[in-house]
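Okay, so here's the structure we're looking at.
Computed from the coordinates by the stated procedures, all read-outs in this text should not be read as laboratory data. Values in this document were obtained by computation on a predicted structure and should not be read as measured data. Quick reminder, even Gly has a Cβ in these numbers, built from the backbone with ideal geometry, and neighbours come from all protein chains shown.
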Amino acid sequence: MILVVPHDPAWALQFAEEAQQIHRALGAVVLDLHHIGSTAIQGIHAKPVIDMLLAVGDLQVLDQQAGVLMALGYEAKGEFGIPGRRYFSKDSPSGARSHQLHAFQAGSHGFIRHLAFRDYMNAHPEVAQAYGRLKQQLASQYPLNRTAYMDGKDPFIRQHEALAMDWFLQQRAA
C-alpha cells in the first residue's frame with residue numbers, strides 16, 4: 001500500500017544516523033552524501049522513505065564495495081533503470097522500505113539533477129506544497145498501484161525538474 005504521511009522532522013535525524021553508518025562503512029569512497037527526495041523537502045507530505053544521494057569518484061569502486069552496503073542491510077540493484085546510477089534499497093525490520101541510496105559519479109547530471117530538485121522545492125514552498133498535495137491525491141487514488149502513482153507524478157516532476165535545473169545553475173553562477 002502506498003502511504004503518504006505529513007512531514008516528520010525526525011526524517012532529518014534518520015538521514016543523519018544512516019549517513020553516519022554509510023560514511024563509516026565506505027570511508028573514502030564517499031565524496032558527498034545528501035538527504036534528497038520528498039522527506040528532504042520541508043513541510044510536504046511524503047512516503048516515509050529516506051532517500052539519499054551518494055557522490056563517488058568512480059562507480060566501479062563502489063560496485064566493488066557493494067558487499068559493505070549489503071552488510072548494512074542494503075540490497076544492490078545496479079542501475080535499476082537509470083544509466084549512470086547505482087541503486088541500493090533497505091527495508092525496516094518489519095519489511096517496509098525505509099531507505100534508498102542513489103549513487104552517481106560526483107558532478108554528473110544525475111547527481112546535480114537530484115540536488116537541484118530538492119533545493120528548488122525548498123526554495124519554492126508553494127511548488128513544494130502542490131507536489132505534496134499531488135502525492136496525497138495519487139496515493140488516495142492508487143493505493144495499491146505503484147506504477148500509476150509514479151506515472152501520475154511524472155509530468156509534475158519533469159516540468160519542475162527542468163525549472164529546478166535552470167534555477168540551480170543560476171544560483172551557482174551568482
(request) Of the conditions (1) surrounded by 13 or more Cβ atoms within 10 Å (Cβ to Cβ); (2) aliphatic (A, V, I, L, M); (3) without any contact (Cβ under 8 Å) to a residue 60 or more places away in the chain, residue 4 clears all except one; give me its number. (result) (3)
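From the list 43, 107, 95, 78, exactly one residue is outside any helix (DSSP H, G or I), within 21 Å of residue 9 (Cβ to Cβ) and over 15 Å from the mean Cα position of the chain (by Cα). Which is it? Walk me through how you get there before you give the answer.
Details: 107 fails: within 21 Å of residue 9 (Cβ to Cβ); 95 fails: within 21 Å of residue 9 (Cβ to Cβ); 78 fails: within 21 Å of residue 9 (Cβ to Cβ).
Of the residues listed, the single one that is outside any helix (DSSP H, G or I), within 21 Å of residue 9 (Cβ to Cβ) and over 15 Å from the mean Cα position of the chain (by Cα) is 43.
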(request) Would you check which residues across region 114-128 are crowded, with 16+ Cβ neighbours inside 10 Å and either over 16 Å from the mean Cα position of the chain (by Cα) or under 28 Å from residue 73 (Cβ atoms) (or both) and list them? (result) 114, 115, 117, 118, 124, 127
(request) Taking the options 95, 81, 73, name whichever one is surrounded by 13 or more Cβ atoms within 10 Å (Cβ to Cβ), on the phi > 0 side of the Ramachandran plot and without any contact (Cβ under 8 Å) to a residue 60 or more places away in the chain. (result) 73
(request) Exactly one condition in (1) within 29 Å of residue 127 (Cα to Cα); (2) without any contact (Cβ under 8 Å) to a residue 40 or more places away in the chain is not met by residue 27; state its number. (result) (1)
(message) Just to be sure before I move on: is residue 117 hydrophobic (A, V, I, L, M, F, W, C), under 17 Å from residue 25 (Cβ atoms) and outside any loop (DSSP other than H, G, I, E, B) in the structure I sent?
(response) no
